1. How would you classify region 1-135 from its alpha-carbon gyration tensor, with a ≥ b ≥ c the square roots of the eigenvalues: rounded for a/c under 1.5, else prolate if a/b is greater than b/c, otherwise oblate?
2. Give the long-range amide H neighbours of S98: residues separated by 5 or more places, or on another chain, with amide H under 5 Å away, using H modelled in the peptide plane at 1.01 Å from N.
3. For R88, what charge total do you get from the other residues with a beta carbon under 13 Å from its beta carbon, if Lys and Arg give +1 and Asp and Glu give -1?
4. DSSP loop (so not H, G, I, E, B), at most 15 other Cβ within 10 Å: list which trypsin sites (Lys or Arg not before Pro) in region 1-61 pass both filters.
5. Tell me, what is the percent relative contact order of region 10-150, built from C-alpha pairs under 8 Å that lie six or more residues apart?
6. Between V25 and K45, what FRET efficiency comes out of the Förster formula 1/(1 + (r/R0)^6) with R0 = 41 Å and r the beta carbon distance, rounded to 0.05?
7. Please name whichever of Q35, V17, I110 sits farthest to the positive end of the charge dipole of region 10-150, dipole taken about the Cα centre and charges placed at Cβ: Lys and Arg +1, Asp and Glu -1.
8. Cβ under 13 Å from C48's Cβ, C48 left aside: what net charge do those residues give with Lys, Arg +1 and Asp, Glu -1?
Amino acid sequence: MALFGFGSPKILTTALVEIALPHAVILKDEPEWDQILHENPITGKRLCVRNKYRWIFEVQIHLHEYAVPVTTFNKIYAALYDEVTLWRHDDGGPVVDSVGAVVKFWLSEITSFWLTNTNKEDAVILKFRSLGWVNLAATYSQPIVHRLRVGV
């Protein structure tokens, strides 16, 4: 049973272009604590204030498995350094914060590399960072949460 869905990731750009990523391998899907470190310059005492956490999401895309890899890459590349809405799994919901508002992500990096072909780069790694704090409990896919509640 998957709490966040079974499908592949997808993103929605600010230009309202939906990009499904069916040939994807999730590499990193984890929190990053948002913390502030205060240090007193006189006494040297440190105080660490831990806020909520942000989310890091990295995914490897196998472009060679798409019918037209260049078109898929161009759609992804157009979203570089842009705010996007991220679905970690397309059959679940987008990532939300503690009040249920959708958290925007920033596509911070695209790294291309050779996976199956030594003559051309045929895969990319996409790195996303959340722009707001994340609450994963509100992101669970609804049918599964409903099944957990009713005991099916």
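Read-outs: derived from the displayed coordinates by stated rules, not from any lab. Here the structure is a predicted model, which means the values were calculated and not measured. Every residue, glycine among them, receives a Cβ derived from its backbone with ideal geometry; neighbour counts consider all protein chains shown.
1. In terms of gyration-tensor shape, prolate.
2. N135
3. -3
4. Passing sites in region 1-61 are K45.
5. On the way: 277 pairs, mean separation 34.0, N = 141.
Relative contact order here is 24 percent.
6. Numbers: r = 45 Å, r/R0 = 1.09.
Between K45 and V25 the formula returns 0.35.
7. Q35
8. Numbers: positive: K45, R46, R50; negative: D34, E39.
Charge balance in the 13 Å sphere: +1.
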